[in-house]
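The values are calculated or read from the model by the stated rules, or taken from the named source; none is laboratory data. This structure is a prediction, so every number in the text was calculated from the model and none was measured. Here Cβ is always computed from backbone atoms with ideal geometry, including for glycine, and neighbour counts include all displayed protein chains.
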Amino acid sequence: MFDALARQPDDPLLALIGLYRKDERPGKVDLGVGVYRDETGHTPIFRAVKAAETRLLKTQDTKAYVGPEGDHVFLDHLWTLVGGDTVERSHIASVQTPGGSGALRLAADLIHRVGGRRIWLGLPSWPNHAAIFKAAGLETASYDFFDIPSQAVLFDNVIGALEGAAAGDAVLLHASCHNPTGGALTEAQWLEIAALVAERGLLPLVDLAYQGFGRGLNEDVAGLRHLIGVVPEALVAVSCSKSFGLYRERTGAIYALTASSTSADTVRSNLAGLARTSYSMPPDHGAAVVRTILADKDLAREWAEELEAMRLRMTGIRRALAEGLRTRWQALGAIADQEGMFSMLPLSEAEVLRLRSEHGIYMPTSGRINIAGLKTAEVAGVVRNFTSL
Ligand SMILES: Cc1ncc(COP(=O)(O)O)c(C=O)c1O
């Protein structure tokens, strides 16, 4: 039976990692990878995470199942970080998930289950968005979110998409730190989106994967909080992979904001059922770490300080890169004002391949670069190679 299968293409980003590893040039630079790196090129474990793990190792006394909904204390603390007291807690249904990807998949499954057929997606986006929605049986309607040559968010297109959407359609929104463009929405734009989503009866699915990587822990959820304060129903998919550096521990959560506590209970039971038939129960360790950190004032402070230092490193790299690149492409001055780990450079596929072969600078052919892949000392050389194209 397996002979009937078609070979699927390898993930281009994973293939790029392989090519980078094989390159023996000492000055090679990896701008392709999707994880945070520090000034030594390492993806560190937060000190607060290590401390929490040490505590867990000493105190954990069972490995019994956690249940399909996961750890309620984790879910509660994480929501405080994300939503604060914007909405009535009893109206929220939440389930712990394997990463933000698991949260997005449960969200898509839930939308499908309630009869939602279509989800709107601004492009470019994280490639797994469209793939997850398709796998869940949803149809994706796309629009252009960002213009790479001018580095501009095409806000008129966002409004056009929301105005063209039918009541009951879902809309994917990046909470902040847009992947892959770094393009940010202003507060006024969030207000406009929220009003339109509410007016047209759309269901927003907000993807929050980089809280604390953009303007700050609270600033990165300001638009999201406004939106959920205005709409009657919403879904929020949270990933702890980047904000807590827990990538491989697969830690995340899906929150459904509903109109009543009865509705929240029904939605919770549906999310739990969807989890049960997919992977049964989420892994415990990462969520236990996040719970331990957020439940302890000192650990939470230490974690927030470490996260802030990472954010400041990225904003410093952004400023230096923008300063250098704007001499060749004026529009790239915008990189300094963009948010999070990623930006998109206006490079052709041939230029990307030349940078790779001639200078050992690795990025996907889309031109997406990971700002955190750069060390401060590498910026000048990378700018020289870009601007000599
Ligand atoms: C925009 C966005 N959403 C969600 C995720 C999901 O992350 P994970 O499943 O690793 O938590 C990512 C990861 O790269 C992402 O970039």
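For Phe386, the conditions (1) surrounded by 17 or more Cβ atoms within 10 Å (Cβ to Cβ); (2) touching a helix residue (DSSP H, G or I) at 6+ places or on another chain (Cβ under 9 Å); (3) of a type outside the set (A, V, I, L, M); (4) modelled with pLDDT of 95 or more are fulfilled apart from (4). Somewhere in segment 333-348, is a residue touching a Leu at 6+ places or on another chain (Cβ under 7 Å), under 30 Å from Thr387 (Cβ atoms), buried (at least 23 other Cβ atoms within 10 Å of the Cβ) and modelled with pLDDT of 95 or more? The answer is yes, given that some residue of segment 333-348 is touching a Leu at 6+ places or on another chain (Cβ under 7 Å), under 30 Å from Thr387 (Cβ atoms), buried (at least 23 other Cβ atoms within 10 Å of the Cβ) and modelled with pLDDT of 95 or more. Remark: pairs (first residue in segment 3-29, closer than 21 Å to Pro127 by Cβ; second residue of a type in the set (Lys, Arg); Cβ separation under 8 Å; 6+ apart in sequence or on different chains) = Leu19/Arg356; Tyr20/Lys28. Among the residues making up segment 116-135, a single one is farther than 25 Å from Pro364 by Cβ and at pLDDT 95 or above: Arg118. Only one entry of Ala103, Ala108 meets the criterion of being assigned to a helix (DSSP H, G or I), farther than 19 Å from Tyr247 by Cβ and within 14 Å of the ligand (Cβ to nearest atom), and that entry is Ala108. For the condition within 25 Å of Asp23 (Cβ to Cβ), in contact (Cβ under 8 Å) with a residue 12 or more places away in the chain and outside any helix (DSSP H, G or I), Ser278 does not qualify. Scanning segment 85-100 for residues that are within 16 Å of the ligand (Cβ to nearest atom) and in a helix (DSSP H, G or I) yields a count of 2. Within segment 322-332, the presence of a residue that is part of a loop (DSSP other than H, G, I, E, B), among the acidic types (Asp, Glu) and modelled with pLDDT of 95 or more is excluded. Listed conditions (1) touching a strand residue (DSSP E or B) at 6+ places or on another chain (Cβ under 7 Å); (2) within 16 Å of the ligand (Cβ to nearest atom) are all met by Arg250, apart from (1). Annotation: Ala287 fulfils all but one of (1) more than 16 Å from the ligand (Cβ to nearest atom); (2) among the hydrophobic types (A, V, I, L, M, F, W, C); (3) touching a strand residue (DSSP E or B) at 6+ places or on another chain (Cβ under 9 Å); the unmet one is (1).
Quick check, is Glu305 without any contact (Cβ under 8 Å) to a residue 12 or more places away in the chain, of a type in the set (D, E, K, R) and either touching a Cys at 6+ places or on another chain (Cβ under 9 Å) or under 30 Å from Thr292 (Cβ atoms) (or both)?
Working: without any contact (Cβ under 8 Å) to a residue 12 or more places away in the chain: yes; of a type in the set (D, E, K, R): yes; either touching a Cys at 6+ places or on another chain (Cβ under 9 Å) or under 30 Å from Thr292 (Cβ atoms) (or both): yes.
Criteria met by Glu305.
A residue that is part of a strand (DSSP E or B), in contact with a strand residue (DSSP E or B) (Cβ under 6 Å, 6 or more places away or on another chain) and of a type in the set (D, E, K, R) can be found somewhere in segment 131-142. Pull up segment 208-232, narrow it to residues that are touching a Ser or Thr at 6+ places or on another chain (Cβ under 6 Å) and not in a helix (DSSP H, G or I), then point me to the one that is nearest to the ligand (Cβ to nearest atom). In this case the residue turns out to be Ala209. Residues that are within 16 Å of the ligand (Cβ to nearest atom) and farther than 29 Å from Leu332 by Cβ: does segment 181-201 have at least one? Within segment 181-201 (the criterion being within 16 Å of the ligand (Cβ to nearest atom) and farther than 29 Å from Leu332 by Cβ), the answer is no, since none of the residues qualifies. Just one of the listed residues (Ala15, Ala103) is under 22 Å from the mean Cα position of the chain (by Cα) and at pLDDT below 95, namely Ala15. Checking the structure you have, find out if any residue of segment 166-173 is away from the ligand (no atom under 12 Å from the Cβ), surrounded by 15 or more Cβ atoms within 10 Å (Cβ to Cβ), in a strand (DSSP E or B) and charged (D, E, K, R). No, because not a single residue in segment 166-173 is away from the ligand (no atom under 12 Å from the Cβ), surrounded by 15 or more Cβ atoms within 10 Å (Cβ to Cβ), in a strand (DSSP E or B) and charged (D, E, K, R).
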